[in-house]
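Input: a single structure, listed below in structure tokens.
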Amino acid sequence: LAKLRGRDVAMIFQDPTSALNPTLTIGRQLTEGVMRHENLTRKEADARAIEMLDRVGIANPAARLTQYPHGFSGGQRQRIMIASALMGRPKLLIADEPTTALDVTIQAQILTLLGQLQADLGLSLLLITHDLGVVAAIANDVAVMYAGRIVERAPAADLFATPRHPYTKGLLAAIPVPGVTARGSALPAIPGRVPGLIGTMAGCAFRDRCTIAGPECAVDPVPRVSAGGAQFIECAKASEVAA
Ligand code: SF4
């Protein structure tokens, strides 16, 4: 796993403030992995770090290698985290809520940057997020997860045009639409709570919250059904849902 991490697969996390070590310089944190994985010399590793910092939009990168995380803003720290993830030239970049801790303007900049890096470097980008606006802006394919299972998967355009699974529909219905949602009106919410995942659970984990649940929903396994094209859902009442 140690060989795989950083080289083939890299990850950026939600909160860049706590993901960087405050006691180490940016240069040390960026170069440690590649010096170990690729046996780069200090000079080679520094050159790679400068290249990656430049790529993610950190100005004057060579001078900043000797600085500590507190010298950078939240948005800059997330850029440094992305640079750090790119140091090993990974094929897959996993981004776990990468913009949650940032304000909206910086969020947009980071998402644009991730999109550019994906195109420029030929990366696969796996974005984990609760923000369907972010999904609509950046994703090609979407997997909607509930209680640890993929309950719907589809190309992004299909998912937003024709959501099928009751959970996906509930999520989308809860988003206010400018010009459509009446000011002051209550947004539809999915009733109930996500079930605890300790122990075993037969059938569909969403059934306590689903408005169309029936006895067939308590049976294992919940069927995985095509919803047309590359779209599928995991639902015991797929035909009713589609209708
Ligand atoms: S399997 Fe049943 S409870 Fe689960 S989403 Fe489908 S209809 Fe609702």
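The values are calculated or read from the model by the stated rules, or taken from the named source; none is laboratory data. Note that the coordinates shown come from a computational prediction; the quantities given were computed from them, not determined experimentally. Cβ placement follows ideal geometry from the backbone for every residue including glycine, while neighbour counts extend to all protein chains displayed. Just the protein is used for accessible areas: all its heavy atoms, side chains included, with ligands, DNA and RNA removed. Shrake-Rupley method; radii C 1.70, N 1.55, O 1.52, S 1.80 Å.
Taking the residues in the range 200-243 that are within 12 Å of the ligand (Cβ to nearest atom) and among the polar types (S, T, N, Q) as candidates, determine which candidate is modelled with the lowest pLDDT. Out of the qualifying residues, it is S239.
Please tell me if L197 is in contact (Cβ under 8 Å) with a residue 40 or more places away in the chain, among the aliphatic types (A, V, I, L, M), exposed (fewer than 11 other Cβ atoms within 10 Å of the Cβ) and away from the ligand (no atom under 11 Å from the Cβ). Yes: the conditions hold for L197. Residue pairs whose Cβ atoms lie under 6 Å apart, sitting 6 or more positions apart in sequence or on different chains, and linking a residue in the range 131-143 that is over 17 Å from Q14 (Cβ atoms) and open to solvent by 60 Å² or more (accessible area, probe 1.4 Å) to a partner that is not in a helix (DSSP H, G or I) and not aliphatic (A, V, I, L, M), are D141/P155. Of all the residues in the range 166-185, those that are under 29 Å from V219 (Cα atoms) and assigned to a loop (DSSP other than H, G, I, E, B) number 1.
Here the range 207-238 is the region considered, the condition is being assigned to a loop (DSSP other than H, G, I, E, B) and basic (K, R), and the residue that is surrounded by the fewest Cβ atoms within 10 Å (Cβ to Cβ) is R209.
From the list P188, P163, the lone residue that is assigned to a loop (DSSP other than H, G, I, E, B) and away from the ligand (no atom under 14 Å from the Cβ) is P188. Filtered by the rule that a residue be near the ligand (Cβ under 8 Å from one of its atoms) and more than 14 Å from V241 (Cα to Cα), the range 167-185 gives no residues.
For the range 6-60, taking the residues that are in contact with a strand residue (DSSP E or B) (Cβ under 8 Å, 6 or more places away or on another chain) and outside any loop (DSSP other than H, G, I, E, B), the one that is farthest from L127 (Cα to Cα) is identified as A19.
Scanning the range 70-92 for residues that are under 18 Å from L127 (Cβ atoms) and part of a loop (DSSP other than H, G, I, E, B) returns P90, K91. Considering only the range 88-109, I want to know if a residue exists there that is within 16 Å of the ligand (Cβ to nearest atom), at negative phi, open to solvent by less than 40 Å² (accessible area, probe 1.4 Å) and in contact with a Lys or Arg (Cβ under 7 Å, 6 or more places away or on another chain). No, that holds for no residue.
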